[in-house]
1. If I build a Gaussian network model for the chain, linking alpha-carbon pairs within less than 10 angstrom, which residue out of Arg256, Arg224, Arg17 has the largest mean-square fluctuation?
2. Using Cα springs under 10 Å in a Gaussian network model of the chain, which residue among Pro83, Pro237, Pro207 shows the largest mean-square fluctuation?
3. Cα centroids of region 227-243 and region 148-171: how far apart, whole angstrom?
4. Taking only Cα atoms and a 10 Å spring cutoff, compute GNM fluctuations for the chain and point out the largest among Arg108, Arg85, Arg122.
5. Between region 50-82 and region 199-214, what is the separation of their alpha carbon centroids in Å?
6. Take the Cβ-Cβ distance between Arg162 and Thr225 as r, set R0 to 22 Å, and report the resulting FRET efficiency rounded to the nearest 0.05.
7. Rounded, prolate or oblate, given the Cα gyration tensor of the chain, with a/c below 1.5 counting as rounded?
8. Rounded, prolate or oblate for region 150-253? Axes are the square roots of the Cα gyration tensor eigenvalues, ordered a ≥ b ≥ c, and the cut-off for rounded is a/c under 1.5.
Amino acid sequence: MAGFSTLCRMETLLTYRGRTVTAADVATICSLIAEHPQASRRELSQRLCRAWNWVQANGALRDMVCRGLMLALHRAGFIELPPVRRRPPNPLAQRARPGPAPEVDTTRLAVRLCEVRPLTLRQVRRTPDEAVFNSLIEHHHYLGYSQPVGEHVKYLVYGQGRVLAALAWCSASRAVGCRDRFIGWSAEARRRNLGLLAYNTRFLILPWVEIPHLASHVLGLVARTLSADWQQLYGHPIHLLETYVDPTRFRGTCYRAANWQLLGLTTGRGPSKYKVPNRPQKEVLALPLHRRFRARLAA
């Protein structure tokens, strides 16, 4: 009988963002709610993060993820959350589009790479120059600007005192078949170590800049500094870079010239309850940043 009771406590009731919730966890949350009847949903989430030691690599509480987990349990009928007290505006839904970049020299620059070296790579996330980055991507990248969610860094590249390029990197996609086979990690290792990958979501050479080999040279610069910058911002390194190239639009020449490897194609399946292709297939390219990257990612 005791064994059956233990099995019930360990039964998985819900899995959310990699966190498995058992009946014992639900009992803990219910006790937390009962002990703090006047607490808001945000306060309860923060208290639960502390109780579970559920923190990011940089020590910050995983408050938003925890709130989502508690809401999922509430909707499933496992817990009863207090009523919503206020609904603050969603900054992502109501975010104003970036305006024109101030004081950016748009004079045509057609020179050899040696004439603008050495280049300066500046990480502008959480700096005054972040607005310049956002504006350049919005007005000159074919995809425009979209606010990254989660961990991310942004770079501006300078040469001869002018901005030449802009790159954005963010958290990697959860599951990419050819990439996961290339790494050789298990589903559990992927869940635990996915944050050690970074995805190049935007790469822009400004349209008035015509410098042969600039793009591959910039990718080389980023490969040498991104892990340290990520460590400084988020408290952990990066071991593998990845990107997706639409072969109907681009050849990905600069990535190949910078020693990135072609791993295969995406399935073309985005978020869809029917699990059928609903977007173009893209080439998956990757660049390891450490010679033992497989061992580190599969640990």
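Throughout, read-outs are computed from the coordinates displayed, never taken from laboratory work. These figures come from a predicted structure and were not determined experimentally. Quick reminder, even Gly has a Cβ in these numbers, built from the backbone with ideal geometry, and neighbours come from all protein chains shown.
1. Maximum fluctuation in the GNM of the chain, among the listed residues, is at Arg17.
2. Highest fluctuation among the options: Pro83.
3. Result: 14 Å between the Cα centres.
4. Answer for the Gaussian network model of the chain: Arg85.
5. The two parts, judged by their Cα centres, are 40 Å apart.
6. Details: r = 20 Å, r/R0 = 0.91.
Step by step, r from the Cβ atoms, then E = 0.65.
7. Details: a/c = 2.34, a/b = 1.75, b/c = 1.34.
Here the chain falls in the prolate category.
8. The shape class here is oblate.
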